[in-house]
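Asks: Structure incoming, see below.
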Amino acid sequence: MKPITLTTDELHEAIYGLQKLAATLPLVIQNSYEWKWVLIIAHNTLQAFMVCAVQGSAGLGALTPQSGAKWLEAYSKGLPYPDERLDFFLELYKKIQGPSMKQYVGSKQFIPTSEQDTNVEKLNRRRNTFIHFVPTGLLMGIGDLPAVLQDVLNIIHFLAKQSENIEFYSDATESLFDEAFQATQEALKDVKANYDRMTNA
């Protein structure tokens, strides 16, 4: 019997996440609850691009320091490799601003604005609210979320197109990124316009 499978890797995770974000974002105009899924997808997608940017040739840059050290020790001693543990989201965000990004001659670190720092932390906090939802009633303001998402997209674009740390497999793969990024930007533009009309009505 032929098995039913799926295949993925870190770059596919990043690009597919962006495609999913482009497809889901328009739904918030009709149903504000869809922001739950947009936040989860945006968090996952930014994380995937950060992983791609800091992983390095051995793939260890995206791991926790302890996990990376254990892997190197096992490698040097010829021992079985331990389970790998991905670093936390906000730690990955710190890494894209630091020496973990200095992988190639042309590599560039991300230099955030204070607003981007605030919005990345806000994305992480609000995503966690839904991922770890406790019994409660929740009333969440969403008027600031388009700005949060715009900063997320700006960071993703830097990592993918300017950091020089993400290598696309082919021109076709890079085109998939470009198309997904443009589609997400267009969807976000529509959401912003809709919210502007609601605010000024």
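Asks: Hey, among the residues in segment 55-104 that are part of a loop (DSSP other than H, G, I, E, B) and modelled with pLDDT under 75, which one's surrounded by the most Cβ atoms within 10 Å (Cβ to Cβ)?
Replies: Checking each candidate, the answer is PRO82.
Asks: Can you tell which of ALA180, ALA160, ALA147, ALA187 is among the small types (Gly, Ala, Ser), over 17 Å from the mean Cα position of the chain (by Cα) and either at pLDDT 95 or above or exposed (fewer than 11 other Cβ atoms within 10 Å of the Cβ) (or both)?
Replies: So the residue among ALA180, ALA160, ALA147, ALA187 that is among the small types (Gly, Ala, Ser), over 17 Å from the mean Cα position of the chain (by Cα) and either at pLDDT 95 or above or exposed (fewer than 11 other Cβ atoms within 10 Å of the Cβ) (or both) is ALA187.
Asks: One residue is enough: does segment 171-178 have a residue meeting the conditions assigned to a helix (DSSP H, G or I), farther than 30 Å from SER107 by Cβ and of a type outside the set (Val, Ile, Thr)?
Replies: Taking every residue of segment 171-178 in turn, none turns out to be assigned to a helix (DSSP H, G or I), farther than 30 Å from SER107 by Cβ and of a type outside the set (Val, Ile, Thr).
Asks: Identify, from the list ILE155, ILE131, ILE96, the residue that is among the hydrophobic types (A, V, I, L, M, F, W, C), in contact with a Leu (Cβ under 8 Å, 6 or more places away or on another chain) and under 30 Å from MET198 (Cα atoms).
Replies: Being among the hydrophobic types (A, V, I, L, M, F, W, C), in contact with a Leu (Cβ under 8 Å, 6 or more places away or on another chain) and under 30 Å from MET198 (Cα atoms) holds for just one of ILE155, ILE131, ILE96, which is ILE155.
Asks: Another question, if that's okay. Residue by residue through segment 162-201, note down the ones that are more than 22 Å from GLY141 (Cβ to Cβ) and of a type in the set (D, E, K, R).
Replies: Of everything in segment 162-201, those that are more than 22 Å from GLY141 (Cβ to Cβ) and of a type in the set (D, E, K, R) turn out to be GLU164, GLU167, ASP171, GLU174, ASP178, GLU179, GLU186.
Asks: Residue check: is GLU115 among the acidic types (Asp, Glu) and in contact with a strand residue (DSSP E or B) (Cβ under 6 Å, 6 or more places away or on another chain)?
Replies: No.
Asks: Of the residues in segment 105-138, how many are hydrophobic (A, V, I, L, M, F, W, C) and either outside any loop (DSSP other than H, G, I, E, B) or crowded, with 18+ Cβ neighbours inside 10 Å (or both)?
Replies: Number satisfying all stated conditions: 5.
Asks: Which number in (1) touching a Phe, Trp or Tyr at 6+ places or on another chain (Cβ under 7 Å); (2) without any contact (Cβ under 8 Å) to a residue 40 or more places away in the chain; (3) in a helix (DSSP H, G or I); (4) of a type in the set (A, V, I, L, M, F, W, C) marks the one condition that LEU39 misses?
Replies: (2)
Asks: Could you tell me which numbered condition ASN154 fails, if it satisfies all but one of (1) more than 14 Å from the chain's Cα centre (by Cα); (2) in a helix (DSSP H, G or I)?
Replies: Evaluating ASN154 over (1) more than 14 Å from the chain's Cα centre (by Cα); (2) in a helix (DSSP H, G or I) leaves (1) as the failure.
The values are calculated or read from the model by the stated rules, or taken from the named source; none is laboratory data. Note that the structure is predicted; figures quoted are calculated from it, not measured. As a convention, Cβ positions derive from the backbone with ideal geometry for all residues, glycine included, and neighbour counts pool all protein chains shown.
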